[in-house]
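Chemist: I'd like to ask some things about the structure below.
The values are calculated or read from the model by the stated rules, or taken from the named source; none is laboratory data. Source: prediction; values computed, not measured. Here the Cβ positions follow ideal geometry from the backbone for every residue, glycine too, while neighbour counts run over all protein chains shown.
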Amino acid sequence: MRDLRPPEETNELDRKISEAFPGRIVRKDLAAELKEHAPVPSYVVEHLLSDQTAKADPTGTDDDVARVRTMLATNAVRREEAPGMQSRIRERGFYDVIDQVQVTLNGKLDQYEARFSNLGINQVTIDAALVVRDPKLLTTGIWCMCRIGYKRDGASRTAPWRILDLKPLQTSRDDREHYIAMRPKFSDEEWIDLLMRSVGLNPSMFGERIKLLHLVRLIPFVESNYRLLELGPKGTGKSHTYTEFSPHGTLVSDDDPVASRLFRDDGEAPGDQVRHWDTVAFDEFSGRDLVATMKRHMDGPVPSATTQPERREASLAFEGNTSHNVPYLLKHADLFDELPPQYHDPDFLDRIHYFLPGWEFEQVRAEVFSHGYGFVVDYLAQILHRLREIDFSRAFERHFTLSRTLSAHDREGVAKTFSGLMKLMHPDGQASAEQMQPLLRCAMEGRKRVTDQLHRMDGTTSESDFSYTRVGPDVPVAVWISVHTLEEGDYPELYGRRQGDGNVHDAAPSIERTGAQEGHVAFTENQTGVTYDGLFGPYIAGAARIVLKDPYIRKPYQIRNFTEFLETVLMFTDRTEEVHVHLVTRRNDGRFASEQTEKFSEIQSTFGRLGITFTYEFDDTGHDRSIVTDTGWRVVPGRGLDIYQPYNDGNWLNPLTRRQQLRRVRAFEVTTIRTDQSDI
C-alpha cells in the first residue's frame, strides 16, 4: 500500500492543518491525480475524496482513492459516452450518474423537470421536495450524484426519465465560526501557504509577491461587485481559478450564447443570470460588445418608483491573453492595448478595481502543483461566499490615510481590494499596521496600474498621487510613502510616456553595433575565452529577424546551446521591439525525439514572454550552418553552435555551466559576410 502521508518536509504545517481542520482538508496531489481524466470540476473530485477519507483515515488510503476513481470511471458522464450511459439506465431500470443538473418548472404540466448537462437528457421528472431542499437547482444548477430511473408508460407522451434520488456534490454548511477561530493558530506565512495549497499550488515555488497576486485572483469570490482585469501570456492559469475552484463562479467567453443572457438590458427582459453567481469571468473576451450593459451592472442598483431595486453583487473578472511583452506595449501604446477595441472605453476601464499583471506569473508546470494538505476547494469556496457579507474596506483607516488626490474610483478600487485581501488573510478583521501595510500597498498598486494607463490614453486627465501615510498617536510626523507599479521601476524611460508624446523611438535603448566586420577567424582546440556574445553579438545587434540553420539542435546539450544563443539575442537586440528567431534543424528520430519538440515548446513560452518569437522547422536534408539577420549579415560558423568541448553541465556548482568564457572549445572557424537584407 502506498504511503499517502504528505512529504516529510511539509509535515509540521500538515500537522497543524490536520488538527485545526479535520474533515475539511484533502491531499492535493491525490485530488489532482484523480482529476486528470475526470469530466468534472476539481471541487467535485475533492468533495468525493474528502467524503471518502472522512469516513476512515483522514490521511487517505489506497482504498479511498480506488473507490473515488471507480466512482468517476463508472458514474461520471462523459459527453461522448452519453448514448451508452442512457442505454445502461434503460436496460437496468435505474443507474447512478454524476453530472451537472439544472431544473425548471413546467407550468403546463405543473411539475419540475431536470436537464443533465453531459448526459444530454432533459424533461427528467424530479420531486418538488428535492428542489425545495436545494433551490440552486433552479438557478445555476449544481453537480450531483443522481439516481435516474427509466420507465416508459405506453399511454403517455412524457419523457421516461425520473430522478429517484439526488445528492449534491458540494458543501452548503456555514463553517465561518470554526474557520475564523482557527486562523490565529497559523502565522501569516503559514496561512497564505495554506491558501496557496488549497488552490492546488506549491507555495515553496513562489515568492511572497506572487503569492499575494495569486490571492488577488480569489478576491472576486469574497468581495461583492468587484472588478478584476488580468492580461498576460497563455498558460499561466488565468482561467483555472474560475472553472475549477468554486461552484459559485462561472467562466464564459463573450461570443458564447450564455454571455448575452448574463445581463438584462432593461427591467423586463428575462434571462438575467448574473445575479445567481458570485463571480462571472470572461475568458478571451472579444467580439460581442457588452460594455454598456456591464457598466450599468457595475454602477449598482438603479432606484425605481415602481420596482424594488435589484442588488447587483456579482463580481466580474476579465481574462485576456497578450501577444506582446510589456516594454513593447509601453513603447507603442499602453498596457490596455491588447483589449478588443470596444473595451477601450475610459469610463468602462475606470470602473476596474484592479489590473493584475498576468505577465508576472510563470507558465504552469508540473512542479508548481501542491503535494500537501489544503482545504477542500468547495469548503473554502463556501467560506468565501459567506465572507462576502463582511466589509473591511475601511479597516486600514485605523492606521493609514490615503492621498487626497485620489479620485472616487481610485479610492473605491483600493478599498475593495484591501477588503478582499483582509478577508482572505485576516477573516476576523484583526490585523496590526504591519500586517495591513503589504495588503494596502498591493491594493494601491493594482489600482494605480489602471489609472496610469488611463492617463496614457488621455493626457488631459489629472494624475493621482498614490501615496499613504501612517496615522495614530504613536506617529508624531506624517511621512508620505509613494506606491509604484513594478513596470515603473523596470521601464522608467517608457512608463511615463503618453500616446502622441514625440517620437517613441527616442525611448528605445541604443544597441551597440561595434566590432562587426567581414572576415574569417579560426579558433584552436582547447582555447578559452570564446563566447556567443563575442562571436555573434555584433552581427545580430539591432536585428528584428534572425534565421539560424544548424542541423544539430537535437540533443539536450545542443538545445541548451540554442537557449544560450537566444540569451545573446536578448542582450543585443531592442527589448522594446519584438524579435523573430527562426530555427531550421533536423528532427531527432532517436530517444530524444519527443523531448526535442517539448523543449522547443518550452523555449517558445519562456522567450516569448521576453519579446522573442521563436519558430522552427525541420529539414532532414540540410547540412549547412549559418546565421542570417535582417541587418545585412551572414555568419557561417563551421561547427554551428556546437563549439564547446564536453563538460559536466549537470553540476550547478561547476562555473562552466554559467560562464562560456571558462569552457574549452573544439577547433572551428567562423566566416562573416555582408549580404543584401532582402536575403531574409
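Chemist: For the condition β-branched (Val, Ile, Thr), outside any helix (DSSP H, G or I), over 21 Å from Leu610 (Cα atoms) and in the same structural domain as Arg659 (by TED's automatic domain parsing), what is the one hit in Ile546, Ile553?
Modeler: The unique qualifying residue is Ile553.
Chemist: From the residues in the range 183-205 that are modelled with pLDDT of 95 or more and surrounded by fewer than 18 Cβ atoms within 10 Å (Cβ to Cβ), which one is nearest to Pro247 (Cα to Cα)?
Modeler: My answer is Arg183.
Chemist: Here is a further query. Might you check whether a residue that is among the hydroxyl-bearing types (Ser, Thr, Tyr) and modelled with pLDDT of 95 or more occurs anywhere in the range 89-98?
Modeler: Yes, because at least one residue in the range 89-98 is among the hydroxyl-bearing types (Ser, Thr, Tyr) and modelled with pLDDT of 95 or more.
Chemist: From Leu330, Leu316, grab the single residue that is part of a strand (DSSP E or B) and touching a residue at least 24 places away in the same chain (Cβ under 8 Å).
Modeler: Residue meeting the stated conditions: Leu316.
Chemist: Right, next: Residues in the range 516-541 that are out of contact with any Lys or Arg (no Cβ under 6 Å at 6 or more places or on another chain) and on the phi > 0 side of the Ramachandran plot: how many?
Modeler: 2
Chemist: Please work out which residue is modelled with the lowest pLDDT, limiting yourself to the range 566-587 and to residues that are farther than 16 Å from Thr597 by Cβ and part of a loop (DSSP other than H, G, I, E, B).
Modeler: The qualifying residue modelled with the lowest pLDDT is Arg575.
Chemist: Same structure, new question: Phe221 fails exactly one of the following numbered conditions: (1) modelled with pLDDT of 95 or more; (2) touching an Asp or Glu at 6+ places or on another chain (Cβ under 9 Å); (3) under 18 Å from Pro22 (Cα atoms). What is the number of that condition?
Modeler: It fails just one condition, (3).
Chemist: Scan the range 641-665 for residues that are assigned to a loop (DSSP other than H, G, I, E, B), polar (S, T, N, Q) and within 36 Å of the chain's Cα centre (by Cα) and jot them down.
Modeler: Scanning the range 641-665 gives Asn651, Asn654.
Chemist: So which of Thr606, Thr563 is in a helix (DSSP H, G or I), at pLDDT below 95 and among the β-branched types (Val, Ile, Thr)?
Modeler: Exactly one residue qualifies, and that residue is Thr606.
Chemist: Go through the residues of the range 615-622 one by one and say whether even a single one is in a loop (DSSP other than H, G, I, E, B) and exposed (fewer than 12 other Cβ atoms within 10 Å of the Cβ).
Modeler: Yes, there is a match, as at least one residue in the range 615-622 is in a loop (DSSP other than H, G, I, E, B) and exposed (fewer than 12 other Cβ atoms within 10 Å of the Cβ).
Chemist: Listed residues Arg441, Arg411; which is without any contact (Cβ under 8 Å) to a residue 24 or more places away in the chain and either of a type in the set (D, E, K, R) or surrounded by 13 or more Cβ atoms within 10 Å (Cβ to Cβ) (or both)?
Modeler: Arg411
Chemist: State whether one or more residues within the range 108-123 are touching a strand residue (DSSP E or B) at 6+ places or on another chain (Cβ under 8 Å), surrounded by fewer than 13 Cβ atoms within 10 Å (Cβ to Cβ) and either within 21 Å of Pro39 (Cα to Cα) or of a type outside the set (Asp, Glu) (or both).
Modeler: no
Chemist: Does the range 338-382 hold any residues that are β-branched (Val, Ile, Thr) and modelled with pLDDT under 95, and which are they?
Modeler: Correct list: Val364, Val368, Val376, Val377.
Chemist: Continuing with this model, one more query. Restricting to the range 215-232, what's the tally of residues that are in a loop (DSSP other than H, G, I, E, B), touching a strand residue (DSSP E or B) at 6+ places or on another chain (Cβ under 8 Å) and under 23 Å from Asp193 (Cα atoms)?
Modeler: Final tally of qualifying residues: 2.
Chemist: Being among the charged types (D, E, K, R) and in a loop (DSSP other than H, G, I, E, B) is the filter here; which residues of the range 22-56 pass it?
Modeler: Across the range 22-56, the qualifying residues are Arg24, Glu36, Lys55.
Chemist: Among the strands (runs of 3 or more DSSP E) confined wholly to the range 371-475, which include 3 or more residues that are over 30 Å from Thr53 (Cβ atoms)?
Modeler: 400-402, 467-470
Chemist: Say we look at the range 233-248 and pick out the residues that are surrounded by 22 or more Cβ atoms within 10 Å (Cβ to Cβ) and not in a loop (DSSP other than H, G, I, E, B); which of these is nearest to the chain's Cα centre (by Cα)?
Modeler: It comes out as Thr241.
Chemist: Let me ask another. Considering only residues that are in contact (Cβ under 8 Å) with a residue 24 or more places away in the chain and surrounded by fewer than 23 Cβ atoms within 10 Å (Cβ to Cβ), which ones fall in the range 359-381?
Modeler: Those that are in contact (Cβ under 8 Å) with a residue 24 or more places away in the chain and surrounded by fewer than 23 Cβ atoms within 10 Å (Cβ to Cβ): Trp359, Glu360, Phe361, Glu362, Gln363, Val364, Glu367, Val368, Phe369, His371.
Chemist: Ok, one more. So how many residues does the range 225-235 have that are farther than 23 Å from His344 by Cβ and at pLDDT 95 or above?
Modeler: 0
Chemist: Hey, among the residues in the range 643-663 that are surrounded by 17 or more Cβ atoms within 10 Å (Cβ to Cβ) and of a type outside the set (A, V, I, L, M, F, W, C), which one's farthest from Phe565 (Cα to Cα)?
Modeler: Result: Arg663.
Chemist: If you scan the range 346-355, which residues turn out to be over 17 Å from Arg411 (Cβ atoms) and either of a type in the set (S, T, N, Q) or surrounded by 18 or more Cβ atoms within 10 Å (Cβ to Cβ) (or both)?
Modeler: Result: Phe348, single match.
Chemist: Return yes or no: is Gly590 closer than 27 Å to Thr657 by Cβ and loosely packed, with under 15 Cβ neighbours inside 10 Å?
Modeler: Considered against the rule, which asks whether it is closer than 27 Å to Thr657 by Cβ and loosely packed, with under 15 Cβ neighbours inside 10 Å, Gly590 comes out as yes.
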